[in-house]
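Note sheet for the following structure.
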Amino acid sequence: MYRTIQLIQEDEGDSLIQMINPEEEGDLKPGELTEQLAILPIKNTVLFPGVVIPITVGRQKSIKLVKRAYQGNRIIGVVAQKNPRAEEPSTDELFRTGTVARIIKMLVMPDGNTTIIIQGKNRFEITEYIQEDPFLMARVNIHHDVPVELNKEAKALVQSLKEAAYKIIQLNPEIPQEARIALDNIQSVPFLIHFLASNLNVEVSDKQRILETGNIMDRGTLLLQFMMREIQMLEIKHEIQKKVHTDIDQQQRDYFIRQQIKVLQDELGYDTPEKEIEELRKKGEQKKWSKAVSEHFNKELDKLLRINPQAAEYPVLMNYVEFMLELPWGEYTQDNFDLTRARAILDRDHYGLQKVKNRILEYLAVLKLKQSMKGPILCLYGPPGVGKTSLGRSIAEALNRKYVRMSLGGVHDEAEIRGHRKTYVGAMPGKILQLIKKAQSSNPVFILDEIDKVRSDFRGDPSSALLEVLDPEQNNAFADNYLEVDYDLSKVLFIATANTLDTIQPALRDRMEIIEISGYTAEEKTEIAMRHLVPKQLAEHGLKAKDLKFNRKITRFIIDKYTRESGVRNLERQIGAIIRHVARAVAMNEPYPKQVTEELVRKALGVEIFEEELYQGNEIAGVVTGLAWTQAGGEILFVESSLSRGKGTLTISGQLGDVMKESAMAALSYLKSNAEHLNIDPRVFQQYDLHIHVPAGAVPKDGPSAGITIFTSLASLYTQRKVKSKLAMTGEITLRGKVLPVGGIKEKILAARRSGIKEIILSARNRKDVGEIEKHYVKGLVFHYVDTVDEVLKLSLLREKVKNPLKFTFTDAKVTA
């Protein structure tokens, strides 16, 4: 609206009200009507009947047309261009509906351009063009608007249009207030519609739609739709401008207040941001960092000086430089090289675990001799509850180093290790540097707990980020995304813990020294309970050692009957339950036994949960005692076999795994191939069905270590000879009759000793494993080391037959080779 009014005021120099005098509007006189019109294309606007607008004419064709028309009857046809960028529009680029106009005045401007002031009269529609040079001529149909009856509908439309126009004037400060006066003076409904449509801020195509609408009331309704849309846009614009203006005012107010506060702080002697930054610079000068890090730090401080303290970047950068200062650059604790003290601390806190203790003492010894050594990357691997994590604290105390622990269970974001870039909102350094800062030492004992439970997803792979941390050749220049400069982790003693090695990335596993911590034996659990668990639980429950006493016998009873685990966590819970039972009696002044008995244990814990397998004798053929390893320690197991009339089928039961089934088939195959050597009639294999069973059918079993046990059971069954009393065995069998070594020897031997076994048959290659077991654990046991199953049979089978031996009968004669 503003654009057209302003042009009229500038070009005409007359008042707006005079320019839109209703007396001047209306159709052409009969003598002025013609079927042919000179066509003047205009762009960026549409001429409506009754409306006066100035037009600057610049095209040569248009100038010729205007001059000739001005010298004649001054009647021309005005048509809008479809494409405003077309300098010489073709007839296809012009709308078909336009407005007949009278040239009121023609002005030649000083720059040579011609400006005409024209007033719209009638609408017309082009039927065809009859001339293109020197200007466009066309045949047209003149349209006459039907006079509007001023009924209720027309009055309502007029009122709605004026209210909408007043609203636009109110919302748009660029429209002069004279426009409101002009609207008040318009009485003609068609002219009101055409005047508002001409000055409405919409696209040319929308104005053209209004012009092409035949019925004047429909034309007004369409115009009202466009005006309501314009009001919505102006209201939104007004709200945005108001909000922005309010924000700017608030910022200016805050700025002036802060400037006043700054002046007051200077007067009172408080620290200014500049003074604070200089103090940070002085602290940086005392840091033991490299020249490159120092230059980077000072560069960040200089950047901080250039930033307004009220800017959002200021606290981010301030946090960054403060974090750099808080890191212990080049600060190390002094290692204690007293190996005797270190051994005493490790033995005090943990029973057993000799491999780990020896490895730490070796590290200390080399460090004492060499004075400088990269920290080893150890990985303690074993079942839960054996003391892997708590061992780290003891190692830190033995070395006189700080102790930090990072739990990796469930970590699946690489940023947890490397941190975020500080440009991100809420950016933080990785946990590695956060814990180094917490320790205030660059050579702590750093526990990476549950490293086997690291997961990866779309946010990255933390285990790959750990490759740099745990590589002694790279971690002297560890790059955290937040810190942006290298940090030396080579003096850190990293100790990882894991329950399984299968889920650890191979490249990561290759960087660590794996130390396996097997489960504790029952004897070791007894010592741990007496030395550590009982005193700890007594103290936690408010009792003293004199209030309640445990002995080794009752502790062993709790271990055997109420726990089945590799570690001691459940054992500690059971001891705690017994002590709580007694604590209640103490608090209520009730009598209780000062010495823990089996009766007290049953009262506190209930009936026994587990039963221990014991040796059951050798009176039945085909029953042999084997040895097995479980996560809870070692156990004995029995292999049973029996024969029945049939067709030589083999049945294996006891929930055995594939490897154990294959061991049974290998044992049977070797027995068949050596039947004659053992005086076994070959017909028995075709005329008797064989069933091999391993009791405790609900417990899954697998592994190759029962191979020689199954073979001995079959040999005893087919020969009906007794097996040597109180003998157990373990070893893998091959089809050639070789006996191969197996694992878990320590746990198996201790299980055999507990069960009353006196002799044990092992592979000759397991001799070294027996040598690593403490002497008091193997006292009273006799070990037989073998290479072949023939040696196993010589040691295990007696010449004596069992009572009531099975008598084989066959349906055909014996076939001999």
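The values are calculated or read from the model by the stated rules, or taken from the named source; none is laboratory data. The model shown is predicted, which means the values in this text are computed figures rather than measured ones. For neighbour counting, all protein chains shown are included, and Cβ atoms are generated from backbone atoms with ideal geometry for every residue, glycine included. Side chains included, ligands, DNA and RNA excluded: accessible areas come from the protein's heavy atoms. Shrake-Rupley method; radii C 1.70, N 1.55, O 1.52, S 1.80 Å.
Check Glu153, Glu149, Glu128 and return the single one that is open to solvent by 10 Å² or more (accessible area, probe 1.4 Å) and in contact (Cβ under 8 Å) with a residue 60 or more places away in the chain.
Values: Glu149 fails: in contact (Cβ under 8 Å) with a residue 60 or more places away in the chain; Glu128 fails: in contact (Cβ under 8 Å) with a residue 60 or more places away in the chain.
Every option except Glu153 fails the conditions.
Listed here are the residues, each with its yes/no results for (1) on the phi > 0 side of the Ramachandran plot; (2) part of a loop (DSSP other than H, G, I, E, B); (3) within 60 Å of the chain's Cα centre (by Cα).
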{"position": "Lys155", "(1), (2), (3)": "no, no, no"}
{"position": "Gln159", "(1), (2), (3)": "no, no, no"}
{"position": "Ile175", "(1), (2), (3)": "no, yes, yes"}
{"position": "Pro190", "(1), (2), (3)": "no, no, no"}
{"position": "Ser198", "(1), (2), (3)": "no, no, yes"}
{"position": "Lys207", "(1), (2), (3)": "no, no, yes"}
{"position": "Gly214", "(1), (2), (3)": "no, yes, no"}
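For region 655-691, what are the residues that are acidic (Asp, Glu), under 21 Å from Gly737 (Cα atoms) and modelled with pLDDT of 90 or more?
Initially, region 655-691 is screened for residues acidic (Asp, Glu), giving 658, 662, 676, 681, 689.
Next cut, under 21 Å from Gly737 (Cα atoms) only: 658, 662, 676, 681.
Hits for region 655-691 are Asp658, Glu662.
Which is touching a helix residue (DSSP H, G or I) at 6+ places or on another chain (Cβ under 7 Å), under 30 Å from Val778 (Cα atoms), surrounded by 14 or more Cβ atoms within 10 Å (Cβ to Cβ) and of a type in the set (Asp, Glu), of Asp560, Asp547?
Numbers: Asp547 fails: under 30 Å from Val778 (Cα atoms).
One residue alone meets the criteria, Asp560.
Given the conditions (1) surrounded by fewer than 18 Cβ atoms within 10 Å (Cβ to Cβ); (2) in contact with a strand residue (DSSP E or B) (Cβ under 7 Å, 6 or more places away or on another chain); (3) among the basic types (Lys, Arg), which single one is not true for Arg455?
Status for Arg455: all satisfied but (2).
Being within 49 Å of the chain's Cα centre (by Cα), closer than 19 Å to Phe711 by Cβ and either open to solvent by 10 Å² or more (accessible area, probe 1.4 Å) or free of Cβ contacts under 8 Å to residues at least 12 places away in the same chain (or both) is the filter here; which residues of region 735-777 pass it?
The answer is Leu740, Pro741, Val742, Arg765.
Are there any pairs with C-beta distances below 8 angstrom linking a residue in region 459-481 that is acidic (Asp, Glu) to a residue that is assigned to a helix (DSSP H, G or I) and buried (at least 21 other Cβ atoms within 10 Å of the Cβ), with the two at least 6 apart or on different chains, and if so which?
From residues that are acidic (Asp, Glu), the pairs are Glu468/Asn475; Asp480/Arg418; Asp480/Ile432; Asp480/Leu433.
Out of Leu346, Leu301, I need the residue that is surrounded by 14 or more Cβ atoms within 10 Å (Cβ to Cβ), in a helix (DSSP H, G or I) and under 37 Å from the mean Cα position of the chain (by Cα). Which one? Quick ask: steps written out before the conclusion?
Numbers: Leu346 fails: under 37 Å from the mean Cα position of the chain (by Cα).
Result: Leu301 is the single residue among Leu346, Leu301 that is surrounded by 14 or more Cβ atoms within 10 Å (Cβ to Cβ), in a helix (DSSP H, G or I) and under 37 Å from the mean Cα position of the chain (by Cα).
Which of the residues spanning region 778-800 are part of a loop (DSSP other than H, G, I, E, B) and in contact (Cβ under 8 Å) with a residue 24 or more places away in the chain? Give the derivation first.
Restricting attention to region 778-800, the residues satisfying the condition of being part of a loop (DSSP other than H, G, I, E, B) are 779-781, 787.
Selection gives Gly780, Leu781, Asp787.
Being surrounded by 19 or more Cβ atoms within 10 Å (Cβ to Cβ), in contact with a Ser or Thr (Cβ under 7 Å, 6 or more places away or on another chain) and closer than 27 Å to Lys724 by Cα narrows it down to one residue among Ala621, Ala667; which is it?
Values: Ala667 fails: in contact with a Ser or Thr (Cβ under 7 Å, 6 or more places away or on another chain).
Being surrounded by 19 or more Cβ atoms within 10 Å (Cβ to Cβ), in contact with a Ser or Thr (Cβ under 7 Å, 6 or more places away or on another chain) and closer than 27 Å to Lys724 by Cα holds for just one of Ala621, Ala667, which is Ala621.
Can you name the residue in region 631-658 that is of a type in the set (Val, Ile, Thr) and either open to solvent by less than 60 Å² (accessible area, probe 1.4 Å) or part of a loop (DSSP other than H, G, I, E, B) (or both) and, of all such residues, is farthest from Ile692 (Cα to Cα)? Give the steps one after another, and end with the answer.
As a first pass, look at region 631-658 and keep what is of a type in the set (Val, Ile, Thr): 636, 639, 649, 651-652.
Those still in the list that are either open to solvent by less than 60 Å² (accessible area, probe 1.4 Å) or part of a loop (DSSP other than H, G, I, E, B) (or both) too: 636, 639, 649, 652.
Values: Ile636: 17, Val639: 7, Thr649: 11, Ile652: 5 Å.
Of everything passing the filter in region 631-658, Ile636 is farthest from Ile692 (Cα to Cα).
When you look at Gly707, is it among the small types (Gly, Ala, Ser) and either open to solvent by 10 Å² or more (accessible area, probe 1.4 Å) or at pLDDT below 90 (or both), yes or no?
Values: among the small types (Gly, Ala, Ser): yes; either open to solvent by 10 Å² or more (accessible area, probe 1.4 Å) or at pLDDT below 90 (or both): no.
No: the conditions fail for Gly707.
Filter region 778-817 down to residues that are surrounded by 14 or more Cβ atoms within 10 Å (Cβ to Cβ) and over 30 Å from Leu735 (Cβ atoms) and give me whichever is modelled with the lowest pLDDT.
Step by step, filter region 778-817, then rank; the result is Val778.
In region 434-448, which residue that is hydrophobic (A, V, I, L, M, F, W, C) and not in a strand (DSSP E or B) is nearest to the chain's Cα centre (by Cα)? Break it down stepwise before answering.
Narrowing region 434-448 to residues hydrophobic (A, V, I, L, M, F, W, C): 435-436, 439, 445-448.
Then drop every residue that is not not in a strand (DSSP E or B), which leaves 435-436, 439.
Values: Leu435: 21, Ile436: 23, Ala439: 27 Å.
The residue in question is Leu435.
Suppose the filter is under 18 Å from Ile360 (Cα atoms) and open to solvent by 40 Å² or more (accessible area, probe 1.4 Å); does Glu540 pass it? Before the answer, list the steps.
Working: under 18 Å from Ile360 (Cα atoms): no; open to solvent by 40 Å² or more (accessible area, probe 1.4 Å): yes.
No; evaluated as a whole, the condition is false for this residue.
Considering each residue of region 52-82, count those that are more than 18 Å from Lys121 (Cα to Cα) and either without any contact (Cβ under 8 Å) to a residue 12 or more places away in the chain or charged (D, E, K, R) (or both), and give that number.
Selection size over region 52-82: 8.
Those residues that are surrounded by 12 or more Cβ atoms within 10 Å (Cβ to Cβ) and part of a loop (DSSP other than H, G, I, E, B), I need them from region 311-329; list them, please.
Residues satisfying the conditions are Leu327, Pro328, Trp329.
When region 473-512 is examined, which residues are found to be among the β-branched types (Val, Ile, Thr), open to solvent by less than 50 Å² (accessible area, probe 1.4 Å) and under 18 Å from Gly409 (Cβ atoms)? Let's see the steps before the verdict.
If we filter region 473-512 for residues that are among the β-branched types (Val, Ile, Thr), which is where we start, we get 485, 492, 495, 497, 500, 503-504.
Still in the running and open to solvent by less than 50 Å² (accessible area, probe 1.4 Å): 485, 492, 495, 497, 500, 504.
Those that are among the β-branched types (Val, Ile, Thr), open to solvent by less than 50 Å² (accessible area, probe 1.4 Å) and under 18 Å from Gly409 (Cβ atoms): Ile495, Thr497, Thr500, Ile504.
Six or more apart or on different chains, Cβ atoms under 8 Å: show the pairs whose first residue is in region 418-441 and over 12 Å from Tyr482 (Cα atoms) and whose second is part of a helix (DSSP H, G or I).
Partner pairs satisfying both residue conditions: Lys437/Phe323; Lys437/Glu326.
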